[in-house]
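Novice: One structure, as structure tokens, below. Some questions next.
The values are calculated or read from the model by the stated rules, or taken from the named source; none is laboratory data. Worth saying up front: this structure is predicted, and the values here are computed from it rather than measured. We place every Cβ from the backbone using ideal geometry, glycine too, and count neighbours over all the protein chains shown.
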């Protein structure tokens, strides 16, 4: 549970304060606190906010002592703080030094969800030090008790302007959070990003990045500067195509505990996967992973970053293809499929996960629309001349349902193919049925014989050698169509009709009528599964 602006308002030192504007930012997380008594925004830009870097998630205390009556400059300062990612401003001594709160400042605060907090006006008995002590105590306690901070950092990033959402910003947040310097390099140890702590620390630690002085990957060692001792830890940050970056953490004094180190690595991995792509592409790998792992908090924060309306997503399409082909062509094929489906849906995003090509869409509005889409998708895949299956998972209520569907597909798609080899597309119902058949087989020989019992009555029929094959095709492949069964078995439809009628007479019910036929349907499915995938 991280400290928010709303939490601060419950502290004793701020209990008498009021929120003047920017209420939309009350849920923002406060990472630190600073005191500002510097009211020249032009010099602030040069001295504090160079190159539009991120310096935020602080709450700022001020009374605008140096410039109490220049409302234009006060508003400029407020706007600059908000743009830099600061979460709010606590104003002291209004009515004594600063005559009033400008209306323009309130409008800026509301526009940026930058919380404007005003201490009781015309009073000198409220001190900065009281708030500073309590706020920092709350922040420090939270950091000691909360080592799972990746979601918190994503929440902070999601609230920043687009130009500040970067790997560098994430490193600065992490550096401030763990009070350590962080370097991110390529495999040649060329520094790509660096965040030092404290901020006045000279950027000299990169000199330690020589192979003879480095710890093993995942390990640590002690290094020394002229005036201090650091624990240097080293971790891999994985990229696509077997490449990786190197992450180095320089912590003065005690090393980081393992849980915190893991959170740092995960946060940097997320940042790299999201923002280290080409500027005209969006890498939604981490969003897809968050959905498939049923991590709703991380999913929502990543969705905010990508401006994707995950709440509108209720369908998932899974493309199962040959592994070697997927490694060579999967990414390009997914791009093409995403473009194709974008003509049908407003929200489409995709990725390769655990060897499967996964696409998320809003969901077909009718069976007719789904058929139209599948026809277009099959036409797109046809030139690739690779064996593939498509599974449509519709009406998924939440991430738990998405994960359940993905795992079901992963574990039973091969059994589903064995039972329904002629289907052009599968639904979760077929895969669930394949799972039930496999589980029945797994219960042992007695359960298998019980499942096959409906076929026993056909053993004495003179067509017995053709009975099982005919029934498999008729029930599993042809949806009880005489014509389609004949085409698949190279028989005249009247021959198929004669056989089905004869088998119906032997069994004592009309094959194709449900629920009478259900046990027979299960029997031919189990028989086919035993034939092709006995395991």
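Novice: Give the residues of segment 189-208 that are modelled with pLDDT of 75 or more and in a loop (DSSP other than H, G, I, E, B), sorted by residue number.
Specialist: Correct list: 189, 196, 197, 198.
Novice: How many residues, within segment 118-158, are under 16 Å from residue 29 (Cβ atoms), in contact with a strand residue (DSSP E or B) (Cβ under 8 Å, 6 or more places away or on another chain) and in a loop (DSSP other than H, G, I, E, B)?
Specialist: 0
Novice: From the list 483, 428, 488, exactly one residue is closer than 25 Å to residue 374 by Cβ, crowded, with 19+ Cβ neighbours inside 10 Å and in contact with a helix residue (DSSP H, G or I) (Cβ under 9 Å, 6 or more places away or on another chain). Which is it?
Specialist: Residue meeting the stated conditions: 428.
The rows are residues; the columns are (1) touching a strand residue (DSSP E or B) at 6+ places or on another chain (Cβ under 9 Å); (2) modelled with pLDDT of 90 or more; (3) not in a helix (DSSP H, G or I).
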{"site": "435", "(1), (2), (3)": "no, yes, no"}
{"site": "440", "(1), (2), (3)": "no, yes, no"}
{"site": "455", "(1), (2), (3)": "no, no, no"}
{"site": "461", "(1), (2), (3)": "no, no, yes"}
{"site": "514", "(1), (2), (3)": "no, no, yes"}
{"site": "534", "(1), (2), (3)": "no, no, yes"}
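Novice: Wholly within segment 226-330, which helices (runs of 4 or more DSSP H) include no fewer than the required count, namely at least 1 residues that are within 15 Å of residue 158 (Cα to Cα) and modelled with pLDDT of 85 or more?
Specialist: Hits in segment 226-330: 258-275.
Novice: Follow-up. With the condition kept exactly as written, say whether any residue in segment 160-173 is within 21 Å of residue 250 (Cα to Cα), modelled with pLDDT of 85 or more and part of a strand (DSSP E or B).
Specialist: no
Novice: Right, another one. Say we look at segment 504-516 and pick out the residues that are touching a residue at least 24 places away in the same chain (Cβ under 8 Å) and under 24 Å from residue 418 (Cα atoms); which of these is surrounded by the fewest Cβ atoms within 10 Å (Cβ to Cβ)?
Specialist: Among residues in segment 504-516 that are touching a residue at least 24 places away in the same chain (Cβ under 8 Å) and under 24 Å from residue 418 (Cα atoms), the one surrounded by the fewest Cβ atoms within 10 Å (Cβ to Cβ) is 512.
Novice: Also, I was wondering about something else. Just for segment 226-265: of the residues that are surrounded by 15 or more Cβ atoms within 10 Å (Cβ to Cβ) and out of contact with any strand residue (DSSP E or B) (no Cβ under 8 Å at 6 or more places or on another chain), which one is nearest to residue 143 (Cα to Cα)?
Specialist: If we take residues in segment 226-265 being surrounded by 15 or more Cβ atoms within 10 Å (Cβ to Cβ) and out of contact with any strand residue (DSSP E or B) (no Cβ under 8 Å at 6 or more places or on another chain), then 260 is nearest to residue 143 (Cα to Cα).
Novice: Would you be able to tell me the number of residues in segment 417-430 that are in contact with a strand residue (DSSP E or B) (Cβ under 7 Å, 6 or more places away or on another chain) and assigned to a helix (DSSP H, G or I)?
Specialist: 2
Novice: Here's something else I'd like to know. Here are the criteria: (1) in contact (Cβ under 8 Å) with a residue 40 or more places away in the chain; (2) farther than 16 Å from residue 35 by Cβ; (3) surrounded by 17 or more Cβ atoms within 10 Å (Cβ to Cβ). Tell me which single one residue 76 does not satisfy.
Specialist: Unmet condition: (1).
Novice: Let me ask something else. Where residues in segment 8-23 are touching a helix residue (DSSP H, G or I) at 6+ places or on another chain (Cβ under 7 Å) and in a helix (DSSP H, G or I), which of them is farthest from residue 116 (Cα to Cα)?
Specialist: 12
Novice: Select, from 86, 69, the only residue that is touching a strand residue (DSSP E or B) at 6+ places or on another chain (Cβ under 9 Å), crowded, with 24+ Cβ neighbours inside 10 Å, part of a loop (DSSP other than H, G, I, E, B) and free of Cβ contacts under 8 Å to residues at least 60 places away in the same chain.
Specialist: 86
Novice: Next up: Scan segment 439-457 and give yes if some residue there is within 37 Å of the chain's Cα centre (by Cα), touching a residue at least 24 places away in the same chain (Cβ under 8 Å) and surrounded by 14 or more Cβ atoms within 10 Å (Cβ to Cβ), otherwise no.
Specialist: yes
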